[in-house]
Amino acid sequence: MSDWPHSPIHRLNDTGAYIITSATYQKVKYFNDPERLQFLLDHLFEIAEEYHWQLQAWAVLSNHYHFVTLTTAESKSLSTGISKLHTITAKWLNKLDEKSERKVWYQYWDSHITHQKSYLARLKYVHYNPQHHGVVKNAEEYPWCSARWFARNADDSFRRIVDSFKTDRLTVQDDF
């Protein structure tokens, strides 16, 4: 079977660690206030729980999001869950903005993380994504990402290990 050449390849059949990135259509900043950001984050958490994904890191910004998750044999499909997240949030936004049938989401990219160093670097990347984009000076100040949660809940030694990784050479879809 050949891959469809006009969209990202989604190979979400294996259990393990994944990084997911999704962007709004034409990079429009639809999630541009606290209510909208919280709505998207709340529904990401709800779907993660419903689909038995173990979220490890997340960052929700005005025109994209990233998350790192672990899946197990009990986990439901990432692609189905992401589709559900996009449907719920797009319908809500369109109703809120009185825009029927407006396209909100563009697509998403996934990567199955197979090496521990890659996993740790991507955790750091996602935790600090709002800081990377200049939204805040310190990612822990941004309520819609996992940096504060990670700082408060991770063992000091594990946090130091994650924080030691460089992220400047990672390949992550993030030109937003």
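Tell me which DSSP H helices of the chain clear both cut-offs, 15 Å or more of axial length from alpha-carbon atoms and a mean Kyte-Doolittle hydropathy of at least -1.0.
Membrane-span-like by this rule: 34-50, 78-96, 116-127.
For the peptides 149-160, 61-72, 24-35, 77-88, what is the packing order when you average, over each peptide's residues, the other Cβ atoms within 10 Å and list the highest mean first?
Result, highest mean first: 61-72, 77-88, 24-35, 149-160.
Have a look at 47, 123, 107 and report the one farthest towards the positive end of the charge dipole of the stretch 16-163, computed about the Cα centre with Cβ charges (Lys/Arg +1, Asp/Glu -1).
So the residue we want is 107.
By the scheme Lys and Arg +1, Asp and Glu -1, what is the net charge of all other residues having a beta-carbon under 9 Å from that of residue 94?
Once all neighbours under 9 Å are counted, the net charge is +1.
Taking the Cα centre of the stretch 1-147 as origin, work out the dipole magnitude from +1 charges on Lys and Arg Cβ and -1 charges on Asp and Glu Cβ, in debye rounded to 20.
420
Fully extended, how many nm does the chain gain between residue 88 and residue 46 (0.36 nm per residue separation, minus their Cα-Cα distance)?
Stretched out fully, the residue 88 to residue 46 stretch lengthens by 14.0 nm.
All of the numbers you see were taken from the coordinates with simple rules; none came from a lab. What you see is a predicted model; the values in this text were computed from it and never measured. FYI the Cβ positions are ideal-geometry reconstructions off the backbone, even for glycines, and counts take in every protein chain you see.
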